[in-house]
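Worksheet: the structure to be examined is printed underneath.
The values are calculated or read from the model by the stated rules, or taken from the named source; none is laboratory data. What you see is a predicted model; the values in this text were computed from it and never measured. Note that we place each Cβ from the backbone using ideal geometry, even for glycine, and neighbour counts take in every protein chain shown.
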């Protein structure tokens, strides 16, 4: 019940001017005359007034779980009548605010009624409510008293929100500062600083050890930014600051503009290849001014270290400096006329240097490569041939390779061992190579050709000592017309036979199931005499606990010989024979989710020792010791990931080349994958696919190769090109990379869009399936409709899959039938999928499981332009082996590096852990960190219901469309955005490799359903390389 307060004083009511006062007296007299003796009966008189205090209620910060109270009084301050208050209600969106008091009350002059508002916070967000009540005074509106509660967190604010460096001279720097302020009521943590995707590299954050860290309420901290223009024209960027509290991400726009000339040379390098001595070849370069002031070129000359014969044709000294106005272009010629066959290291002829008034290029150096056309002899080994120890009467052999690394044919005239070693050292006769004949004759090696020559050492001398010699190779290599190769041989007495595998172990590496891999084992004779190969066999080896056990005379089912053995072949001292081996990888009965299966065996070779008249085995058994396995092979399933598998260059203007876009081929399985063939279909010469890797190509586990297509249109119109990648991936043996582009005449483009709330969203739930999660899974399934109702409200196009944290068994595979739920499926289907059971591993690895799914089982369902969302649900901390930031990078990489295309949410244990009726939960800080860094949110798994959390997650997942992919790559400083015809100058940025306009969710011009969006820009134009002469 309200308290009715009586007062002995009379409060006067100020009238609005003397006219109102006279009218009040007249009405009062009329009221007395008409109502009899009861002065309160005429309750609508102007002398019945009220006063509500306070006029607004603002609560101070209040700790969670405690209650604060505020009183509100309404007093009758008139001098007659009865004030009746009805319909008293607290209009609030939250149950944290409660009103105590009657719904209606009547009070006389001098009396007051009182209500109590109680605030018991359960969350951190601010609340706005209104205390409303009606009354019986005509002409005055109902009573409405605002009620507010503050944020219970800190809140980061950065001023100014836009930093404009203005014009800055090329090659100089300018520093500006922003101030970070905590406008909340609790201390926040400044966690990190980033320059968002699409920002110019000319901006730099001048961070110190005090930039990040705690920021108390009301305090501020300075952050300095530097702008050093290295390009030309305007630059844009976006500083992103991450913090705890109500504003987890604050973005500051950065603008700057370079002032000065800008020199650009195309192509950026000159390639001559091999130029015959005495010939002259010319390459052309274009020189352009891409700056905004006149470019003055004083000199164009070869660098001091440039090769002889390199020169430049660009005018005469009498012509004076070249002056190029902004946008103007000229051509020069680079000439290479070699006069000698002197070779250039690595084909580097030097640089062409451009001296101009462009401060960013002092000078601009263009590399020039090529070679005088000449034969080049390379000998391997090139310094010395060591025969090792050779017993008396025994001949040792070594092989030398002659290689023509030049561009013209190499003529080898003769090979000769010089005195005094020629009586014991020599060149073995080769009927197919005439320089080895007793009477040698010339032989020609074409460029790149290799010939092997066998050298011999017959120890006809003592039982010890060393013999030195030299081999003279005569050829038409002008640099080494007589190549001298040192020879050395060591004498030994009694000959020995010492067979040994080198290397000791033969490892096949990873091999896909049901395939095979071949290699050779090398059997070397380390003795000073001869051995004769006799036999070899492969025993099966198994594991007995931690011990390796090899079974005598039980042939290995997986390792076999892959050809004939060299039975009867004599192995001289230091010589070797090869044993062809094959590893046949079986099919693992555990199915495709099995990891790597390891197999092993023991290879034994037997040779005849003519000096001991016995057979010698290697590896050999010793008393009390049996050799273990020396052959190893792994079996698994290879996987090839290709990203992106669709490239759209969009509009490309005639005379321009598109930017390049990297296509990555990644080996993501447990064993290497082999790209067997790459085929082009319908690819015209306008598509530059020169970087396609040669096949077959084995890609080791965790590594990748790539190629970067580009497009230069020869005419207008759309072009389509398909690149087919064949591999040993059994699930995806043939994958297509689709490349599209469209040649256009105009450089100025306008793209039109319509704002939509419908979003394509691919959602992966990662649910803990350990023994403690039954109640939480039930909670999740019971409240899933709260999540999906938001998607239905926005009419979102979603795909939802479920995996678990179990990396021992499930390993990221999707659960349920169908494995992915879409709007065409009944909600109950997901409810069934999310009940994954409680028999999973107690080592919860949610991050790793999510990564496995995103790059594996869930990958076929991920759409290129869709938002990717991962939601973790676990009562334990993540135990994945990698760092949180590495997993975040992996998820963002799955969206081609677009941070705005990925979000993470978590229902996990609170920081410090929590308790509920379902049990205890450990802190899920790793999940919370990834969620916050991605721009998502987290909720406590100890909440009685997940409905509120899933609703919040749904709103963050299925909001309005924010990304608008452009038809072509724009120049960053030419983009104009209009929403419903009104320019939108801020609240958006270029992302998606610079080809997508992305609105910030807080943008005042964020397009909604039906809004017209037009984006005008100039196409970015990369000048194609000038045609190279053959």
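If only residues of the stretch 798-810 that are within 12 Å of residue 763 (Cβ to Cβ) and in contact (Cβ under 8 Å) with a residue 60 or more places away in the chain are counted, the one that is surrounded by the fewest Cβ atoms within 10 Å (Cβ to Cβ) is 799. Selection of first residues in the stretch 194-221 that are outside the structural domain of residue 995 (by TED's automatic domain parsing) and of second residues that are at pLDDT 85 or above and exposed (fewer than 14 other Cβ atoms within 10 Å of the Cβ), restricted to Cβ pairs under 8 Å at least 6 apart or on distinct chains, gives the following pairs, ordered by first then second residue: 206/175; 220/179; 221/179.
The strands (runs of 3 or more DSSP E) located wholly in the stretch 140-254 that include 1 or more residues which are under 31 Å from the mean Cα position of the chain (by Cα) occupy 156-159, 162-169, 174-182, 188-195, 203-206, 213-215, 220-227, 234-243. For the stretch 387-434, filtering for residues that are free of Cβ contacts under 8 Å to residues at least 40 places away in the same chain and either touching a helix residue (DSSP H, G or I) at 6+ places or on another chain (Cβ under 6 Å) or within 23 Å of residue 570 (Cα to Cα) (or both) leaves 6. Strands (runs of 3 or more DSSP E) fully within the stretch 523-628 that include at least 2 residues being within 46 Å of the chain's Cα centre (by Cα): 531-544, 547-555, 559-561, 576-584, 597-609. When residue 690 is tested against (1) touching a residue at least 60 places away in the same chain (Cβ under 8 Å); (2) under 24 Å from residue 1024 (Cα atoms), just one condition goes unmet, and that condition is (1).
Counting only residues that are more than 19 Å from residue 950 (Cα to Cα), give me the strands (runs of 3 or more DSSP E) lying completely in the stretch 896-936 with at least 1 of them. Break it down stepwise before answering.
Numbers: elements: 902-908, 914-916, 919-921.
Where strands (runs of 3 or more DSSP E) fall fully within the stretch 896-936 and carry at least 1 residues being more than 19 Å from residue 950 (Cα to Cα), they are 914-916, 919-921.
Within the stretch 790-841, the residues that satisfy the criterion of being closer than 26 Å to residue 878 by Cβ, out of contact with any strand residue (DSSP E or B) (no Cβ under 7 Å at 6 or more places or on another chain) and at pLDDT 85 or above are 806, 807, 808, 809, 811, 835, 837, 838, 839.
Check whether at least one residue in the stretch 474-482 is closer than 30 Å to residue 608 by Cβ and modelled with pLDDT of 95 or more, and report yes or no. Walk me through it before giving the result.
Initially, the stretch 474-482 is screened for residues closer than 30 Å to residue 608 by Cβ, giving none.
No, every residue in the stretch 474-482 fails to be closer than 30 Å to residue 608 by Cβ and modelled with pLDDT of 95 or more.
Going by what's in this entry, would residue 769 be described as at negative phi, in contact with a strand residue (DSSP E or B) (Cβ under 8 Å, 6 or more places away or on another chain) and part of a loop (DSSP other than H, G, I, E, B)? Criteria met by residue 769.
Listed here are the residues, each with its yes/no results for (1) exposed (fewer than 13 other Cβ atoms within 10 Å of the Cβ); (2) at pLDDT below 85.
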position: 108; (1), (2): no, no
position: 121; (1), (2): no, no
position: 126; (1), (2): no, yes
position: 134; (1), (2): no, no
position: 150; (1), (2): no, yes
position: 157; (1), (2): no, no
position: 177; (1), (2): yes, no
position: 184; (1), (2): no, yes
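Would you confirm whether or not the stretch 843-855 contains a residue that is surrounded by 20 or more Cβ atoms within 10 Å (Cβ to Cβ), more than 20 Å from the chain's Cα centre (by Cα) and in contact (Cβ under 8 Å) with a residue 12 or more places away in the chain? There is at least one residue in the stretch 843-855 that is surrounded by 20 or more Cβ atoms within 10 Å (Cβ to Cβ), more than 20 Å from the chain's Cα centre (by Cα) and in contact (Cβ under 8 Å) with a residue 12 or more places away in the chain.
Have a look at 725, 739 and point out the one that is part of a strand (DSSP E or B), outside the structural domain of residue 794 (by TED's automatic domain parsing) and under 18 Å from residue 704 (Cβ atoms).
Values: 739 fails: under 18 Å from residue 704 (Cβ atoms).
Result: 725 is the single residue among 725, 739 that is part of a strand (DSSP E or B), outside the structural domain of residue 794 (by TED's automatic domain parsing) and under 18 Å from residue 704 (Cβ atoms).
Which fully enclosed strands (runs of 3 or more DSSP E) of the stretch 66-135 have 2 or more residues being free of Cβ contacts under 8 Å to residues at least 24 places away in the same chain and out of contact with any helix residue (DSSP H, G or I) (no Cβ under 8 Å at 6 or more places or on another chain)?
Of the strands (runs of 3 or more DSSP E) lying wholly inside the stretch 66-135, those with at least 2 residues that are free of Cβ contacts under 8 Å to residues at least 24 places away in the same chain and out of contact with any helix residue (DSSP H, G or I) (no Cβ under 8 Å at 6 or more places or on another chain) span 97-100.
Would you please name the residue that is modelled with the lowest pLDDT, looking only at residues in the stretch 624-674 that are at positive phi and surrounded by fewer than 19 Cβ atoms within 10 Å (Cβ to Cβ)? Applying the filter and picking the extreme gives 624. Go through the stretch 690-707 and give me each residue that's out of contact with any strand residue (DSSP E or B) (no Cβ under 6 Å at 6 or more places or on another chain) and either modelled with pLDDT of 90 or more or not in a loop (DSSP other than H, G, I, E, B) (or both). Correct list: 694 only.
Listed here are the strands (runs of 3 or more DSSP E) enclosed by the stretch 435-518 that have at least 1 residues being touching a helix residue (DSSP H, G or I) at 6+ places or on another chain (Cβ under 8 Å) and either in contact (Cβ under 8 Å) with a residue 60 or more places away in the chain or not assigned by TED's automatic domain parsing to the domain that holds residue 606 (or both): 443-445, 450-458, 466-475, 482-492.
Evaluating residue 557 against the criteria (1) free of Cβ contacts under 8 Å to residues at least 60 places away in the same chain; (2) farther than 19 Å from residue 636 by Cα leaves one unmet condition, (2).
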